[in-house]
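Coordinate-derived values only; no laboratory data. Owing to the predicted nature of the structure, the values given are computational and were not obtained by experimental measurement. Cβ: placed from backbone, ideal geometry, glycine included. Neighbour counts: every protein chain shown.
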Amino acid sequence: MSEEQQQLLQRIYTEQQITESNISVLQQRIEIIQAYLTNYQSGLMVLKEIEGKNEGEEMLMNVGGNIFVEAKLVNPSKVTRGIGSGVRIEQSLEEAKKAVESSIEGLDKQYQVMTEEYQKLIARASVLNSQFQQLAAQVQNTASHE
């Protein structure tokens, strides 16, 4: 194996490893965004369900995991919303809905960008794998003919 071939094999192998690592990290980020999206969409569903309900009215409230509790609405026009770092604010139902919809929209955009990047990395990994196999086969043929 020539030194040039060895360097090329090493470069392709290193790029393969980096690409695989980036794919793994991106996949984890996509899964996190999907979890956030599911959480926000579930919250939005509950807000929409509360909309139009009256004070004192009872309803089944989804608390996640396909579990519902019977709840009586004390003040359906106001909600308390967490905004991060343990901070909560009181808002009107409409303001909370708009904030959640905005969060969902932002997460959707992030999801689209990341899935596009993920597809590009998968394609790049495939090209690198093919290049590596071709070069390895050439090196093996050269070595067996010597």
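Estimated from helical segments only, the mean residue ellipticity of the chain at 222 nm is -26000 deg cm²/dmol, where each DSSP H run of four or more residues counts as -39500 (n - 2.57).
Once the chain from residue 54 to residue 13 is taken as fully extended at 0.36 nm per residue, the excess over their C-alpha distance is 8.3 nm. Tell me which GluC sites (Glu not before Pro) from the range 29-120 have a DSSP coil assignment and no more than 13 other beta carbons within 10 Å of their own. Hits after loop and neighbour filter: 51, 55, 57. Here 115, 19 are placed in order of increasing Cβ neighbour count within 10 Å, fewest first, which gives 115, 19. Relative to the dominant Cα principal axis of the chain, helix 93-145 is inclined by about 10°. For the chain, the relative contact order comes to 33 percent (Cα pairs under 8 Å, sequence separation of at least 6). Straight-distance candidates among the lysines for linking to residue 72, with alpha-carbon spacing under 21 Å and chain neighbours fewer than 8 residues away dropped: 48, 53, 97. Distance between the pseudo-spin-label points of residue 115 and residue 31 (7 Å out from Cα toward the beta carbon): 1.7 nm. For residue 126 and residue 98, the difference between the fully extended length at 0.36 nm per residue and the C-alpha to C-alpha distance is 5.9 nm.
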